[in-house]
């Protein structure tokens, strides 16, 4: 019974909410683990039998497994959404998860590249000027130049490009589309890749923009390996990932005077509070720059 409700919820997320496959899988894993705990420990047959104590014991169970607060908080969010769905479907009479606060998590600022590191990464991406090198350059230019999520990047179709108008159509979370401006470097890299090098990869997939060496759509893991490899060649010691370029895109915009609402639209964030996180990065970087460069920054003050 409980598992059948989970299947119905995942169907709701896919059809009604339009969430991505990866997001739905994450919800499914979180809630399945929760339901298994309820079944193993309390042998419940209906969700209206769940009590607040059961949920708190589940959270304690996660802590005993040494799960970090951030992961517990994510699981609790998934469970809260599931109970909200059950409330809408009148399976339960209240969403008791709303009474349970999220565990406190320390604020960890994401890794951001400085301008010199971005230049080094882009410079080494051209490699030996093979077709895959030009593909890599185009992917990096888009990831940094348009702030795309890795899933948005690898899912791009050739038809999404409007290079003559310096625009690109992106399908983000919840299948929501947004039209983004492209800079000259991104346009040039894309034109080079499309004109001379994509065909050399012998495409089996005629629609997808970025292909692997087999002529098929490149995977998220594939791009992750590429960016880690290029970062090593560029001598970048920071632990970077494809999302690092998105963080860097947003941070550099804010540092150069872009307003928060515009950055929110470019990133495709539903809530401006998510975008506001990047202002903390900018402030932290500003403080670091001041302390390292200003001659009086680290002086405690002198007596007169």
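Bear in mind that the values in this text are calculations on the coordinates, not laboratory data. Worth saying up front: this structure is predicted, and the values here are computed from it rather than measured. Glycine gets a Cβ as well: all are built from the backbone with ideal geometry, and neighbour counts include every protein chain shown.
Build a GNM of the chain with springs between Cα atoms under 10 Å apart, and of 55, 15, 112 the one that fluctuates most is 15.
In degrees, nearest 10, range 0 to 90: what is the angle between the Cα axis of helix 69-88 and the longest Cα principal axis of the chain? Here the helix axis deviates by roughly 60 degrees. Using C-alpha pairs below 8 Å separated by at least 6 residues, the relative contact order for the chain is 16 percent. For the chain, a Gaussian network of Cα nodes joined below 10 Å ranks 17, 206, 104 by mean-square fluctuation, and the top entry is 104.
Cα convex hull, the chain: 195 Å³ per residue, rounded to a whole number. Report, to the nearest 10°, how far helix 131-146 tilts away from the longest principal axis of the Cα atoms in the chain, using its own Cα long axis and a range of 0 to 90°. Approximately 70 degrees, to the nearest 10.
Here the Debye sum runs over all C-alpha atoms of the stretch 1-87 as equal scatterers in vacuum, and log10 of I(q)/I(0) at q = 0.14 Å⁻¹ comes out as -0.47. Per residue of the chain, the DSSP helices (runs of n ≥ 4 H) give a summed -39500 (n - 2.57) that works out to -18000 deg cm²/dmol at 222 nm. For residue 243 and residue 23, the FRET efficiency from 1/(1 + (r/R0)^6), where r spans their Cβ atoms and R0 equals 25 Å, is about 0.95. Computed on the Cα trace of the stretch 188-231, the radius of gyration divided by the Kirkwood hydrodynamic radius gives Rg/Rh = 0.99. In whole angstrom, how far apart do the alpha carbon centroids of the stretch 173-190 and the stretch 103-158 sit? A separation of 13 Å, based on Cα centres. With respect to the chain, whose longest principal axis is taken over its alpha-carbon atoms, helix 2-15 is tilted by about 40°.
Note on residue 32 and residue 164: with the Förster distance fixed at 41 Å, the Cβ-Cβ geometry gives a FRET efficiency of about 0.30.
R0 = 35 Å: FRET efficiency of residue 104 with residue 8, Cβ-based, nearest 0.05?
According to the calculation, E is roughly 0.60.
The distance separating the Cα centre of the stretch 198-242 from that of the stretch 1-49 comes to 34 Å. Which of these, 45, 78, 186, has the largest mean-square fluctuation under a Gaussian network model of the chain (Cα springs below 10 Å)? Among 45, 78, 186, the largest GNM mean-square fluctuation belongs to 45.
So how many Å³ per residue does the convex hull of the Cα atoms of the stretch 115-291 work out to?
117 Å³
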